[in-house]
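Chemist: There's a structure below that I have some questions on.
The values are calculated or read from the model by the stated rules, or taken from the named source; none is laboratory data. Note that the structure is a prediction, hence the values are computed from the model and not measured. In this analysis, Cβ positions are derived from the backbone assuming ideal geometry, glycine residues included, and neighbour counts consider all displayed protein chains. Surface accessibility is based on the protein's heavy atoms, side chains included, excluding ligands, DNA and RNA. Shrake-Rupley method; radii C 1.70, N 1.55, O 1.52, S 1.80 Å.
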Amino acid sequence: MNEQQRQQFFLRLQSANPAPITELSYQTPFELLIAVMLSAQATDKSVNKATISLFAIANTPAAMLALGEEQLKAYIRTIGLFNTKARNILKTCALLIAEHNGAVPNNRQSLEALPGVGRKTANVMLNTAFGEPTIAVDTHIFRVANRTGLAPGKTPLAVEQALLQQVPVEFQKDAHHWLILHGRYICVARRPHCAQCPVANLCEFPDKT
C-alpha cells in the first residue's frame, strides 16, 4: 500500500466514523486503566457488565484497595483470569497511591511499571486518556495491518512501529480506534465482510470475497 492509498484508507475510515471512541465504559483515567487491565483476553462488553457495578462503589485507588481481594473478585468473577487481574489491580492501586498521589501517570515508563500493565495497556492509556498518537496493537489491529498490507509485521511491536511510520500524521491520534473497530466488525478473523468494507479496493488481501 503506497502513501496515497494509505491517505485514502484513513480518509474513508474517518468519513465513516469521524470521532471514534473506545467501547469500554469509563469516566476517569483510573476507571479506564482498570477497564483496560480487565479487558485482556475478554470482550469489552463483558468488562462493561462487570465495571458498571464495580465503579459504582469503587472508582478510586483508595476505594478499590478498601474492597480487598475477595470482594474485588466477586465483582469481576465473570471475566477471564479474574484471580490474577484482581491481584494486579490491587497492587497497582497501592502503587498509584504510594508513588503518584492516587493519579494515573501520563508517561510510558511509569505506566509500564504498574503491575499488570504492559506496552499495549500503556499505549491505550496514552492514546485514549491522554490524547497521544500511540497505537495499541491487539489481535484486531495485528490482523488488519497484515491482511490489508497497511503495515505488515511478524510481531505486535513490529506492526506498531510500522503503523507509526505508515499512518499519516493527521490520522495517528484516532488510528488506534478506527483499526480496532474495523477489525472487530468488518475485517473479522473468519470470513471478513469485504462487501461492506469501505477500503476493500485498497486492501491487498488476496482472498477478498
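Chemist: Consider Leu150 against the criteria (1) crowded, with 21+ Cβ neighbours inside 10 Å; (2) out of contact with any Cys (no Cβ under 9 Å at 6 or more places or on another chain): it satisfies all of them except one. Which criterion is unmet?
Modeler: (2)
Chemist: Also, quick follow-up: Cβ-Cβ below 7 Å, separation at least six or inter-chain, first residue in region 23-50 and more than 22 Å from Gly131 (Cα to Cα) and touching a residue at least 24 places away in the same chain (Cβ under 8 Å), second open to solvent by 30 Å² or more (accessible area, probe 1.4 Å) and assigned to a helix (DSSP H, G or I): which pairs?
Modeler: If the second residue must be open to solvent by 30 Å² or more (accessible area, probe 1.4 Å) and assigned to a helix (DSSP H, G or I), the pairs left are Ala50/Tyr75.
Chemist: Report whether or not Asn59 is within 20 Å of Leu111 (Cβ to Cβ), touching a Ser or Thr at 6+ places or on another chain (Cβ under 9 Å) and touching a residue at least 24 places away in the same chain (Cβ under 8 Å).
Modeler: So Asn59 fits the description; yes.
Chemist: Let me ask something else about it. Could you check, for region 71-93, whether at least one of its residues is open to solvent by less than 30 Å² (accessible area, probe 1.4 Å) and among the hydroxyl-bearing types (Ser, Thr, Tyr)?
Modeler: Checked region 71-93: at least one residue is open to solvent by less than 30 Å² (accessible area, probe 1.4 Å) and among the hydroxyl-bearing types (Ser, Thr, Tyr).
Chemist: Taking interchain pairs and intrachain pairs at least six residues apart, which have beta carbon atoms under 8 angstrom, with the first residue in region 80-107 and at pLDDT 95 or above and the second β-branched (Val, Ile, Thr) and loosely packed, with under 15 Cβ neighbours inside 10 Å?
Modeler: Note: no pairs meet the criteria.
Chemist: Same structure again: Name every residue in region 96-140 that is open to solvent by 30 Å² or more (accessible area, probe 1.4 Å), touching a Leu at 6+ places or on another chain (Cβ under 6 Å) and among the hydrophobic types (A, V, I, L, M, F, W, C), in order of residue number.
Modeler: Selection gives Ala129 alone.
Chemist: Within the group Thr209, Thr134, which residue is polar (S, T, N, Q), in a loop (DSSP other than H, G, I, E, B) and in contact (Cβ under 8 Å) with a residue 24 or more places away in the chain?
Modeler: Thr134
Chemist: Residue by residue through region 114-141, note down the ones that are more than 12 Å from the chain's Cα centre (by Cα) and either under 19 Å from Gly153 (Cβ atoms) or small (Gly, Ala, Ser) (or both).
Modeler: Gly116, Gly131, Pro133
Chemist: Check Gln41, Gln27, Gln4 and return the single one that is more than 17 Å from the chain's Cα centre (by Cα) and either open to solvent by 70 Å² or more (accessible area, probe 1.4 Å) or under 30 Å from Gln165 (Cα atoms) (or both).
Modeler: None of the others qualify; the one that does is Gln4.
Chemist: Sticking with this structure for a sec: Quick one: which of Gln172, Gln165 is in a helix (DSSP H, G or I) and open to solvent by 30 Å² or more (accessible area, probe 1.4 Å)?
Modeler: Result of the check over Gln172, Gln165: Gln165.
Chemist: Just the residues that are of a type in the set (S, T, N, Q) and not in a loop (DSSP other than H, G, I, E, B), please, taken from region 43-88.
Modeler: Within region 43-88, Ser46, Asn48, Thr51, Ser53, Gln71, Asn83, Thr84, Asn88 meet the criteria.
Chemist: Another question, then. For the structure I just gave you, tell me whether Cys187 is crowded, with 18+ Cβ neighbours inside 10 Å, out of contact with any Gly (no Cβ under 8 Å at 6 or more places or on another chain) and hydrophobic (A, V, I, L, M, F, W, C).
Modeler: Yes: the conditions hold for Cys187.
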